[in-house]
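Here's the structure we're looking at; comments come further down.
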Amino acid sequence: HVLVISGLHITFIGGLTLWIVSYFVRSRFLRFLLPVSFLWAYTFAVGAEVPVVRASIMFTGLLFSTVVNRSGSQLNGLGLCVLILLVWRPLDLFSPSFQLTVVSVAAIVVCAFPLIEKLRAIGKWIPTAEMPLPPHVSRSLRRFCEFLYWNDAVWKIENARQIWSANLYKSMFPKWLKAANFRNGLAYVFEGLTVSIIVQIWMLPLLVIYFHRISVISVLLNLWVGILLTLESFCAVFAVLIGGASDWLAAPVIRLTELLNGLMIWVPAWFSENRLASFRLPAYSGSGEVIYFLFGSFVVIAAALIFRWQPFELTRPYPVRRVLLKISLAMTFVIGIVIAFHPFSAPEPEGRLKVDFLDVGQGDSALVTFPDGVTMLVDGGGQPAYRGEDTDFEPDTRRIGESVVSEFLWEKGYSRIDYLVATHADADHIQGLSDVAENFDIGLILAATSPTDDPDYAELMRVAEARGIKVEMIRRGDNFTIGGTEIQILHPALEPAARTSTNNSSIVMKLRYGSRTFLLTGDIEREGEAELLREFSVDLRADVVKVPHHGSRTSSTPEFIDRVACVFSVISVGRRSRYGHPHPEVVARWQNSGAQVMRTGEKGTITVATDGSSLETTTFVP
């Protein structure tokens, strides 16, 4: 990503306009009015999105300071921008976009720029009336700053102006290292990396909380994109200006702009395609959220000490400040490691069997947490393709598996799911599993069918192959135990007969912990239910059942409901289903059987837990 992309863009346009106006206008007021008028005209022309307006307000505030003969302070400009924006839109205080913008700019203004300015002053120091003594810094830091910023020519000119003569003994480096262009390039890279690293550190909690992502490579890519974006922007502006006179003359500049844009995008795309751009991670929740407060506190303390650091004080700085700075930096590093590697985010085993039926709209997804903490995700939701829709069109939105299922798992603190179960290949069940397999470490994928012509199943298999996830086929008769919970696969049969519907190939599993049982039924319809009734005359009884096929009238026959005889029936369905699910007569059948019926579309995530004897239910919506 590019840090504060709208801010960079607006600053470039405003700065370029100011530079041009300054050549023709001497009035300080007009130098303010003309660039600002052009900038705001551009802001509204591109839609006046909130991030662009923020950047324009900040530029206007800083430039206005020149009209009233006050030197513009970047920190004051940030404060003015924040105050104006909060008066305009108070609720933006809780907006991730607003928070990210303010934190990233504050990191640059409060910490990065002041630090770089002080390092430059250390490297360029020559004795003056204001700074007669060399900086109070370590020898290694002084040598490093002198290597980047010292200029012998400036010292010779300054020394020749004085009535006294003096010699300064600077660090000696090989001649090729002292070349001005080489050192200027290194200084640019160093300063760019410094700004990028500081911003990444400041934004770490927000990136984890809102995006569950850390991009280490962006520290370098920010430099790459920043350079090429600047060159591309200049070319684009010149192309527009030249194009007003001649399309033929503008064509080469347009081609150069496109070339720079392709080059800028190619490198980040390569890292992304090879899974090197970033990694996903969960967030700490509940009392664990205090870790973000601690991290932010130490970052602010360290930044305040750096901001107040005066390397040219005539007296040595208080030792307490130096010790406090070292402690703050060390704690920032340690807590940052705990956030990035999240060793304490996953919940401790509860000694209970718990099933979370997720609200994924028109689809199914259930997280089973076993008493020993092992996790199993049964289906992952997804967006089904409706009749008449163009299935080749892919909207630029996050899918259910990313925006709902993965977010739920991350908020729980998980970075690994031990088992993924694909009950069958319908999109509203299997599509989200591909996103989960991309975002989490997966132990094993369990499936019963392998339809070679289904695109969603093929996508899941591609992800599994790319990430080295083992896939195992299961059938009726497969039984295993996890954390004291007996798992029995009831469907489909070893040799499935010709099916009238792919729904009847769904995996049906029964979980037993102590005296309590759960029945997860996928999307089986009448045919599948009849098959279960024939094979399991007694064993279908369950305390909790996931109602087949979202409460469709194609399922939940009276015979099946009577045999199950459940206490709780959970219907995984959207609040408004395009298929009309659940059908009223099906809901009535389950209610008449004595079961309490709950719908994810009404209650949100429905959680049922048992210690082996009692049952406890909770819902997201009371």
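The values are calculated or read from the model by the stated rules, or taken from the named source; none is laboratory data. Note that the structure is predicted; figures quoted are calculated from it, not measured. Cβ sites come from the backbone with ideal geometry, for glycine too, and all protein chains shown count toward neighbours. Note: accessible area is taken over every heavy atom of the protein model, side chains too, but ligands, DNA and RNA are not part of it. Shrake-Rupley method; radii C 1.70, N 1.55, O 1.52, S 1.80 Å.
A compact table of results
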item: C-alpha long axis of helix 96-106 to longest principal axis of the chain, angle in °; result: 30 degrees
item: Rounded to 10°, Cα long-axis angle of helix 526-535 versus longest principal axis of the chain; result: 60 degrees
item: Calculated on alpha-carbon atoms, Rg and Dmax of the stretch 418-539 in Å; result: 14.6, 43
item: Beta bridges per DSSP with both ends in the stretch 511-605, % antiparallel, nearest 5; result: 25 percent
item: For the stretch 272-325 and the stretch 81-119, distance of Cα centres in Å; result: 16 Å
item: Residues whose placed amide H lies under 5 Å from that of residue 353, excluding near-sequence neighbours; result: 610, 612
item: Packing-based order for 15-22, 506-513, 193-200, using average beta carbon neighbours within 10 Å, highest first; result: 506-513, 193-200, 15-22
item: Under the Karplus curve 6.51 cos²θ - 1.76 cosθ + 1.60, θ = phi - 60°, whole-Hz ³J(HN,Hα) for the stretch 258-269, x wherever Gly or Pro sits; result: 5, 5, 5, 5, x, 5, 4, 7, 4, 5, x, 5
item: Equivalent ellipsoid semi-axes - Cα gyration tensor, the stretch 485-622, angstrom; result: 22, 20, 13
item: Relative contact order [Cα under 8 Å, 6+ residues apart], the stretch 478-588, whole percent; result: 19 percent
item: Estimated translational D of the stretch 24-163 in µm²/s (Stokes, Kirkwood radius over Cα pairs; 20 °C; 1.002 mPa s); result: 116 µm²/s
item: C-alpha long axis of helix 74-88 to longest principal axis of the chain, angle in °; result: 40 degrees
item: Under the Karplus curve 6.51 cos²θ - 1.76 cosθ + 1.60, θ = phi - 60°, whole-Hz ³J(HN,Hα) for the stretch 504-510, x wherever Gly or Pro sits; result: 7, 9, 5, 6, 10, 10, 10
item: Cα principal axis extents for the stretch 193-233, largest first, Å; result: 34, 19, 14
item: Per-residue ³J(HN,Hα) for the stretch 47-53, Karplus 6.51 cos²θ - 1.76 cosθ + 1.60, θ = phi - 60°, Hz, x for Gly and Pro; result: x, 6, 5, 4, x, 5, 4
item: Mean projected area (nm²) of the alpha-carbon convex hull when the stretch 499-579 is viewed from all directions; result: 5.6 nm²
item: Accessible surface of residue 307 - all protein chains present, 1.4 Å probe, nearest 10 Å²; result: 90 Å²
item: Distant-in-sequence amide H partners of residue 490 (H built 1.01 Å from N, under 5 Å); result: 508, 509, 510
item: Computed over the chain, Kirkwood Rh from alpha-carbon pairs, angstrom; result: 29.2 Å
item: Whole-Å semi-axes of the ellipsoid equivalent to the stretch 189-294 (Cα gyration tensor, √5λ, descending); result: 38, 14, 12
item: Placed amide H near residue 482: partners under 5 Å, 5+ positions off or other chain; result: 487
item: Tail weight of P(r) past 21 Å, computed on alpha-carbon pairs of the stretch 265-339, percent; result: 52 percent
item: For the chain, calculated [θ]222 nm from helices alone, where every DSSP H run of n ≥ 4 adds -39500 (n - 2.57); result: -15500 deg cm²/dmol
